[in-house]
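Here's the structure we're looking at; comments come further down.
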Amino acid sequence: MTIEALTILFGILLVSCAARFIPAPRPRQWLLLSASYFMYAHWAGKRALLVLIASSLLNYFWGSILRRRPTAALLSIGVGLNILLLATYKYLLPLVKEWPPVLTEATFFQQIIIPLGISFWTFQGLSYLFDLYREEELDPSLVEFCLYMAFWPTVLSGPVCRLPNMLPQFRQLTGSIREDFSIGVVRIVQGLFMKFVLAQLLSSGLTPDGGVTAGFDGIAPGRSGLDVWALAIGFGFQLLFDFAGYSHIVIGAARLSGIRLEENFNRPFLSLTPSVFWTRWHMSLSFWIRDYVFLPLATIRRDTWWPYLALVVSMALFGFWHEAKLTFIVWGIYHGLLLVGHRMGQRLRRRVSFAWPHPIGALLSWGTTFLLVSLGWIFFRANDLGQAFQMLRAAIAPQSYAFAYATLPHEYYLLVTLMVVGYFMYIGMAQLLVLWTTYYREKLRTSARTLPPRPVAGWPSLSGTVLSIEGVLAETKWWWLTPAFVLLLMVTSLSVFGQSSNIAPFIYTLF
């Protein structure tokens, strides 16, 4: 990232902060839309901006027609136009590569450039049409709808937003400015740390050939079972830190302008079942697939087996959404089969009286889910199906687990272990902090009923009661955590950037 790009990004961030103080909705909307278009043109190019504007105008005007006549035929035309636009820019080139060279070398195909974020804002346009077909009361102005499609924190890689959530916020800001700014800053710093430190460490490794990227792309005679599991788990955490870090950044940036986005990740690696995992991982997209693909598809027929097929088809489309590549489609089918297996297991469990004791059963369920999800990352990251199936054979072959056959550096195993253990320790400590803060605040409210209001001189008091040192820390944790995060980010970033100048891009900007 160049100094010019950082300067522009910082300037747009300041503009968004300034928009938070504009009470009138229309000037605020115009300011945010102008900043969004300027940022997108800088990052994606002017031609991509024209595609984004064309998609916005298409969905807005077709939505006005669909609002007056919500028929299946009009909806199908709108959906078809969006899919045609998406397919032309995202899926045409991979298909053209399989055609004769005379077509591949045509000038028309060589000039096609995939607009950044087209997968995300196309889905937002589709959700608007689907909601209108369901006769939801949505009446955005043209400026409001264009802002919904191009809102600068989300336009590149989501989260996938819904207009019913965004439209009221575009029209009237609620909440405290102090709370928005404090939470926004902490979320941005947290996301930067996850993306540029944790994800970068896993991608590059502690040594030049000791990261996830070298492990999947490097030439090796064959990976052992331990290698495969270490690479699968390492990539899963790299993807989590990368994309969850990005989500923290955009949620924090939107919060600075007074907009509250939906959460995109919720401790997914603590999921006890595959179904729960997909309510915690990339939540905005998984809920989009559930609401607009799976549920309508599952209600077409009443056969017992049909919802299972609908699950597999929906997840296959989920994989195809990422890229027109066999590995992604197989990854989607794999997760569809996991969801089917979980549903069938639930039905079988109702007929069997035996049940594991709760701690043991929960631990077994979590371990099984974590390992199965981790194994699926092989399809997501492998360069081709041949490599993916070769790694899967090593994972299930008992003779491949001799440590002497390990081909990855020992430093990589140490790095993955530290990341996994540190992640779960952090979650545990964060949960303890939340419980402690809740307990202390409840105790504070109880004591406030008996003590006169007498704030401690020199300390801020949010409740007007006597605050001890612990109380001040609990009540103002967003303020005292921010400099600590900044200091930690600076120290760790210097160490990471000192060993490698190759910073991995946001993974989901590739889709």
_Based on this model, can you work out whether Ile333 counts as of a type in the set (A, V, I, L, M), open to solvent by 40 Å² or more (accessible area, probe 1.4 Å) and either out of contact with any Leu (no Cβ under 8 Å at 6 or more places or on another chain) or closer than 24 Å to Phe269 by Cα (or both)?_
yes
*Would you mind finding the one in Ala254, Ala244, Ala214 that is under 29 Å from Phe10 (Cα atoms), without any contact (Cβ under 8 Å) to a residue 60 or more places away in the chain and assigned to a helix (DSSP H, G or I)?*
Ala244
*Residues satisfying the stated conditions in segment 303-323, i.e. free of Cβ contacts under 8 Å to residues at least 12 places away in the same chain and outside any helix (DSSP H, G or I)*: Asp303, Thr304, Trp305
*Which one is farthest from the chain's Cα centre (by Cα) among residues in segment 3-56 that are part of a helix (DSSP H, G or I) and among the basic types (Lys, Arg)?*
Arg26
*Unique match (being at pLDDT below 95 and closer than 19 Å to Trp30 by Cβ) among Leu173, Leu138, Leu156, Leu116*: Leu173
*Starting from segment 284-302, keep only residues that are within 20 Å of Thr154 (Cβ to Cβ), then list their pairs with residues that are of a type in the set (Asp, Glu) whose Cβ atoms are within a distance under 9 Å, requiring at least 6 positions of separation or different chains.*
Ser284/Glu262; Ser284/Glu263; Phe287/Glu262
*Condition test on Ala324, is it open to solvent by 10 Å² or more (accessible area, probe 1.4 Å) and among the small types (Gly, Ala, Ser)?*
yes
*Given the residues Leu337, Leu372, Leu326, Leu363, which is the only one that is within 18 Å of Phe277 (Cβ to Cβ) and in contact (Cβ under 8 Å) with a residue 40 or more places away in the chain?*
Leu372
*Matching residues, segment 57-70, being in contact (Cβ under 8 Å) with a residue 60 or more places away in the chain, of a type outside the set (A, V, I, L, M) and assigned to a helix (DSSP H, G or I)*: Asn59, Tyr60, Trp62, Gly63, Arg67
_Can you tell me which condition Gly258 does not meet? The list is (1) open to solvent by 10 Å² or more (accessible area, probe 1.4 Å); (2) in contact with a Leu (Cβ under 6 Å, 6 or more places away or on another chain); (3) at positive phi, and all the others hold._
(1)
*Go through segment 264-275 and give me each residue that's touching a residue at least 40 places away in the same chain (Cβ under 8 Å), open to solvent by 30 Å² or more (accessible area, probe 1.4 Å) and within 30 Å of Ala254 (Cα to Cα).*
Arg267, Leu270, Ser275
*Within the set of pairs 6 or more residues apart or between chains, which connect a residue that is surrounded by 12 or more Cβ atoms within 10 Å (Cβ to Cβ) inside segment 422-443 to a residue that is not in a helix (DSSP H, G or I) with Cβ atoms less than 9 Å apart?*
Ile427/Arg267; Arg441/Ser463
*Does Gly222 meet the test of being more than 30 Å from Ile183 (Cβ to Cβ), modelled with pLDDT of 95 or more, out of contact with any strand residue (DSSP E or B) (no Cβ under 8 Å at 6 or more places or on another chain) and of a type outside the set (A, V, I, L, M)?*
no
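The values are calculated or read from the model by the stated rules, or taken from the named source; none is laboratory data. Predicted, not measured: the structure shown is a model, and the values here were computed from it. As a convention, Cβ positions derive from the backbone with ideal geometry for all residues, glycine included, and neighbour counts pool all protein chains shown. Heads up: the accessible areas ignore ligands, DNA and RNA and are worked out on the full protein's heavy atoms, side chains in. Shrake-Rupley method; radii C 1.70, N 1.55, O 1.52, S 1.80 Å.
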